[in-house]
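Bear in mind these aren't lab numbers, they're just calculated from the coordinates by the rules spelled out. On a predicted model such as this, the values are computed, not experimentally measured, just so you know. Note: ideal-geometry Cβ built from the backbone for every residue, glycine included; neighbour counts use all protein chains shown.
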Amino acid sequence: MSENKASPGSAEMVAAKTLTTKVLAIGTWTAKATPQTIPAVMPSEAYDTMRLMLAGKIDQWFAKNDGSGAVFLMNVTDSAEAHTLLEKLPLGQADMMTFQLIPVGPLWPLGLLVPAK
C-alpha cells in the first residue's frame, strides 16, 4: 500500500514545503488605539484598506470576534512586502495596530495521498 503514495521526499512535496503563496496578517490594537483615537483614523483606514483589496493585495479580511483587531489574507509571497503595505495604512502610521505575519503555502502533507507515478 505504501508504494502507491508519494514519498515524503518527492519533488512536489519538497517544493511545496518552501513555497509561500499568501501571507496571513493578524492585527492587534496597540495601547495608542483608544475609543477616543480610533474614530478619527477609521475612515481613511477603511478607504486605504479597500484600495489594497482592489489592487489585489488583500484577498480576504476579517474582524477578530473579540474586537482585538483584524485579520487579512494577503496576496503577497513575501512577509516584508506585507509589512510594508500594512505599515503604510493609517493605523500603522499612527502606531495603533501591529501585525503578526505568517507566510503560508500549499498543504504539502496532502502529497502523501497522491500516488507516485
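Here are the numbers for the structure shown:
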| item | result |
| --- | --- |
| Least to most buried among Ile26, Ile58 (fewest other Cβ within 10 Å first) | Ile26, Ile58 |
| CD proxy at 222 nm, helix term only [per DSSP H run n ≥ 4: -39500 (n - 2.57); per residue of the chain; nearest 500] | -9500 deg cm²/dmol |
| Signed unit charges on C-beta, dipole axis of the chain, positive-most listed residue Gly92, Thr77, Tyr47 | Thr77 |
| Proximal lysine pairs, the chain, alpha carbons under 25 Å, eight or more residues apart or interchain | 11 |
| By average C-beta atoms within 10 angstrom, highest first, the peptides 16-24, 34-42 | 16-24, 34-42 |
| Cα radius of gyration and Dmax for the chain (Å) | 18.7, 63 |
| Total charge dipole magnitude, the chain, about the Cα centre, Cβ charges on Lys, Arg, Asp, Glu only, Debye to nearest 20 | 180 debye |
| Length-normalised contact order for the range 20-107 - Cα pairs under 8 Å, 6+ apart - percent | 52 percent |
